[in-house]
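**Q** Quick one: structure below, then a few questions.
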Amino acid sequence: MHVMVLGAGVTGVSTAWYLRQAGFDVSVVDRQPAAGLETSYANGGQISVSHPEPWANPAAPFIALRWLGRNDAPLRLRLRRDPAQWAWTLGFLRECLPWRCRRNTAAIAALALRSIDELRRLREELGLSYLQQQRGILHLFFSAAEFAAAPRRVDELTRLGIAARLYPGAEALAVEPALAGIAGRLAGAIHAPGDESGDALRFTQALAQKCQQAGVRFYHNTHIRRLAHTGGLIDGIEVEDERGHSGTLDAGAYVLCLGSHGRALAAPLGERLPIHPVKGYSITVPVRDPQHAPQVSLTDESARIVCSRLGDHLRIAGTAELNGYDCSVDPDRIAAIVGWLERTLPGAADAALAQGWAGLRPATPGNVPIIGKSRCVNLWYNTGHGTLGWTLACGSAAVLAELMSGRRPALAFPFHGR
Ligand SMILES: Cc1cc2nc3c(=O)[nH]c(=O)nc-3n(C[C@H](O)[C@H](O)[C@H](O)COP(=O)(O)OP(=O)(O)OC[C@H]3O[C@@H](n4cnc5c(N)ncnc54)[C@H](O)[C@@H]3O)c2cc1C
């Protein structure tokens, strides 16, 4: 059967690979000239199995209130006259309930563990190279009050099957000596040695090349305008090329992997996908002093900022802004991330050469992606991966290919349409 994957981000390209391996004839459609050029372009680089707890957790509403009105706050909510934004925000608050947060955390952890296994297998089998590091993630705490909750978090991760170890005070320097400059400020850290990092764009483009070699066809510069349907069946997708020529592409089945933009295309089918764009920023900075630039990926738990070493650059990312589909780069947000770099890793990188970027995380309220069947018999979803799309890409694609092959994945996960 011919399956058409809609979207060539990290999720769409991984989906194409696993479907091709499962024996499907596969094509991929994307409006950009190459794979990975939207949200998968310059993310934080973390394969963060050790962060399955969604942003929607019992503490989130109080933290959001504390940050309200601060321009440099990691979270910024600009309420608009947009019913979808209000519905998503209410959904987010509902997912903060303790039992919902526990359920979402468990589902994300199960998928993340499967995903990192798949990523390692793919990397080995295909010889993929994407500036990967296998040194784990260090979660840094700068306040004693926040670090006081760290032992409970380690217990919870252990219960979920994720290795993690506590490092009180400045003991984490044994894991990452480049933190010497902030030793006095550290309250403690958690190290998750099984985590990894790497460049999602390089991975996506390298895998897209392998897909092409395996016979997957890519239609780039092709904007999807509408999913044409009759009753419960997709008949084709109406597209427009870069010269404004329109046409229709068709296949036996379709998989929607369109990031934040899938919701609008699915709405005329009667589907209300709870996906909303949550904007984030990153900087990519050349390393100046390799001794002071960390190799271990970092998460600053207080500032909600992550940092990954990508070869001779550092990628530093953070902030969450609910502000519609605007993808412009706000210099104040970039300055806040540069300020973090200068405070936390003084001298490590050339801050004056920082390249700023902004992307839209395709977020569901509970950060659990939408994987499975739609209400149309020949449309499937693999989308809504929010803060963890790079971490979850390979596992999500593998389980979707199993579902489409008629197999039930061995995973405790709330698949869509079941
Ligand atoms: C600042 C930031 C930091 C992040 N850090 C991390 C991290 O450290 N670890 C992690 O796991 N995740 C991280 N993420 C999240 C991760 O980057 C995303 O979840 C992931 O990239 C989503 O991939 P996707 O393929 O679903 O979407 P995208 O990469 O956006 O792909 C969707 C594709 O659909 C195409 N498309 C959309 N609409 C149309 C249309 N109408 N017609 C044709 N094509 C269309 C686009 O061109 C695009 O290529 C971060 C995100 C941000 C913003």
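The values are calculated or read from the model by the stated rules, or taken from the named source; none is laboratory data. Keep in mind that this is a model prediction, so the values were computed, not measured. FYI the Cβ positions are ideal-geometry reconstructions off the backbone, even for glycines, and counts take in every protein chain you see.
**Q** Please state which one of Ile316, Ile337 is buried (at least 22 other Cβ atoms within 10 Å of the Cβ) and not in a strand (DSSP E or B).
**A** The match here is Ile337.
**Q** Restricting attention to segment 248-289, and to residues there that are in contact with a His (Cβ under 8 Å, 6 or more places away or on another chain) and not assigned by TED's automatic domain parsing to the domain that holds His385, which single residue is surrounded by the fewest Cβ atoms within 10 Å (Cβ to Cβ)?
**A** Residue satisfying both the conditions and the ranking: Pro286.
Every residue, every condition in (1) on the phi > 0 side of the Ramachandran plot; (2) touching a strand residue (DSSP E or B) at 6+ places or on another chain (Cβ under 7 Å), yes or no:
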{"residue": "Trp17", "(1), (2)": "no, no"}
{"residue": "Gly23", "(1), (2)": "yes, no"}
{"residue": "Asp30", "(1), (2)": "no, yes"}
{"residue": "Pro33", "(1), (2)": "no, no"}
{"residue": "Gly36", "(1), (2)": "yes, no"}
{"residue": "Ala42", "(1), (2)": "no, yes"}
{"residue": "Pro52", "(1), (2)": "no, no"}
{"residue": "Leu79", "(1), (2)": "no, no"}
{"residue": "Asp82", "(1), (2)": "no, no"}
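**Q** Just to be sure I understand, how many residues within segment 1-32 are surrounded by fewer than 24 Cβ atoms within 10 Å (Cβ to Cβ) and part of a loop (DSSP other than H, G, I, E, B)?
**A** 6
**Q** Just one of Ala303, Ala264 is modelled with pLDDT of 95 or more and within 15 Å of the ligand (Cβ to nearest atom); which is it?
**A** Ala264
**Q** While we're looking at this one, here's another question. Tally up the residues in segment 1-50 that are under 14 Å from Cys211 (Cα atoms) and among the polar types (S, T, N, Q), please.
**A** Residues in segment 1-50 being under 14 Å from Cys211 (Cα atoms) and among the polar types (S, T, N, Q): 5 in total.
Okay, residues lined up against (1) within 24 Å of Ile190 (Cβ to Cβ); (2) within 18 Å of the chain's Cα centre (by Cα); (3) outside the structural domain of Leu388 (by TED's automatic domain parsing); (4) hydrophobic (A, V, I, L, M, F, W, C):
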{"position": "Ala56", "(1), (2), (3), (4)": "yes, yes, yes, yes"}
{"position": "Ala59", "(1), (2), (3), (4)": "yes, no, yes, yes"}
{"position": "Leu65", "(1), (2), (3), (4)": "no, no, yes, yes"}
{"position": "Ala73", "(1), (2), (3), (4)": "yes, no, yes, yes"}
{"position": "Leu77", "(1), (2), (3), (4)": "no, no, yes, yes"}
{"position": "Glu95", "(1), (2), (3), (4)": "yes, no, yes, no"}
{"position": "Pro98", "(1), (2), (3), (4)": "yes, no, yes, no"}
{"position": "Leu122", "(1), (2), (3), (4)": "no, no, yes, yes"}
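**Q** Here's another thing I want to ask about it. If only one of Gly406, Gly356 is in a loop (DSSP other than H, G, I, E, B) and either modelled with pLDDT of 95 or more or not basic (Lys, Arg) (or both), which one is it?
**A** Gly406
Residues are listed down the side, and each one gets a yes or a no for (1) in a helix (DSSP H, G or I); (2) farther than 25 Å from Leu256 by Cβ; (3) touching a residue at least 40 places away in the same chain (Cβ under 8 Å):
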residue: Glu53; (1), (2), (3): no, yes, yes
residue: Arg102; (1), (2), (3): yes, yes, no
residue: Ala107; (1), (2), (3): yes, no, yes
residue: Ser115; (1), (2), (3): yes, no, yes
